[in-house]
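Quick notes on the structure that follows.
Laboratory data are not the source of any read-out in this text; all were calculated from the coordinates shown. This structure is a prediction, so every number in the text was calculated from the model and none was measured. We place every Cβ from the backbone using ideal geometry, glycine too, and count neighbours over all the protein chains shown.
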Amino acid sequence: MNTRKIIVIAVLMLGFLKANAQKEVDFPQLEKISPWSVSLEGSVYQKGFLTNIRYIGDNENIVYCPEGSSAILGGIGVDYTFNRANKLSYVLSAGLDLKPVLYINESEKGLDVTRMSESSLFKEICHSPFIAFTVQYRNIIANNEKWFYNLKGGMRFSCYDGYTNAGYSTTNPITQDSMLFSVNGYDKKYNLFPNLMFSVGTSYNTSIGMFGLNLIANISIPYLNESVFWFKFKDSEFYGNYYLTGNYLGLSLTYSPKR
């Protein structure tokens with residue numbers, strides 16, 4: 001275990017101990033709110049990219065090359081908050097995410113060159129269970145007893161099948177040009193991927209419970225997907241690496257009922 005992971009775990013443990021040790025209640029109005037909550041999250045993943053391109057033969061004339069596409073996906077989760085009525089609390093979460101496996105889109109240039117339909121897309125996703133540990137700081141907004149702002153930081157661990165083996169081929173009926181594309185991933189089946197998580201948001205306490213809206217930044221410590229691709233179209237024939245970082249920005253809606 002490297003130094004960075006040890007520091008992160010130590011900070012989380014200290015936050016948990018401090019949250020549990022706090023006996024005074026900062027927000028009595030929140031004692032009637034259940035520690036359980038549900039969340040619905042939408043995420044925009046960073047584009048995958050092709051790199052380390054190596055040509056086959058002496059021809060370096062690239063007629064067309066696929067491009068990475070941002071994946072817009074989402075997930076659901078259940079949270080349990082320790083010491084919800086205090087400024088400093090600790091949140092344990094579990095849920096299910098949709099994560100990209102291979103996300104390469106046809107660009108406008110590609111559609112013009114290949115004359116293929118917009119349905120000719122390389123997109124694969126998977127279901128990824130996760131568990132998260134976060135430390136949360138909450139305080140009221142402008143002395144309002146119902147409005148709060150929230151700051152969170154912690155770790156999310158995703159069980160993700162990062163193995164990719166996908167291919168695509170087609171022939172243009174007009175020009176008879178053929179396009180071949182294949183991606184073969186490294187053997188990383190069902191690995192546990194650690195992620196750093198940070199969020200900022202606001203919540204509102206109502207007569208039926210607390211509603212929250214949070215902006216989330218997720219940083220994947222290892223790349224989510226590292227694959228080798230091979231591509232051929234007309235006079236272009238080359239191979240290289242395909243990387244999908246797993247980093248994303250997300251928006252989360254949460255609801256905690258009254259006890």
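A few remarks follow.
- Legend: calculated FRET efficiency, Y80 to L251, from the Cβ-Cβ distance at R0 = 30 Å, rounded to 0.05, equals 0.90.
- Between I72 and E124, the modelled label-to-label distance comes to 2.4 nm, taking each label 7 Å out from Cα in the direction of the beta carbon.
- Counting beta carbons within 10 Å around each of I33, I72, I208 and listing the fewest first gives the order I208, I72, I33.
- Sequence of S203, S169, S70 once ranked by neighbouring C-beta atoms within 10 Å, starting from the fewest: S169, S70, S203
- Exposure proxy order (Cβ contacts within 10 Å, fewest to most) of L244, L249: L249, L244
- Cα-Cα over 30 Å, subset of K152/K258; K99/K234; K47/K232; K123/K152: K99/K234; K123/K152
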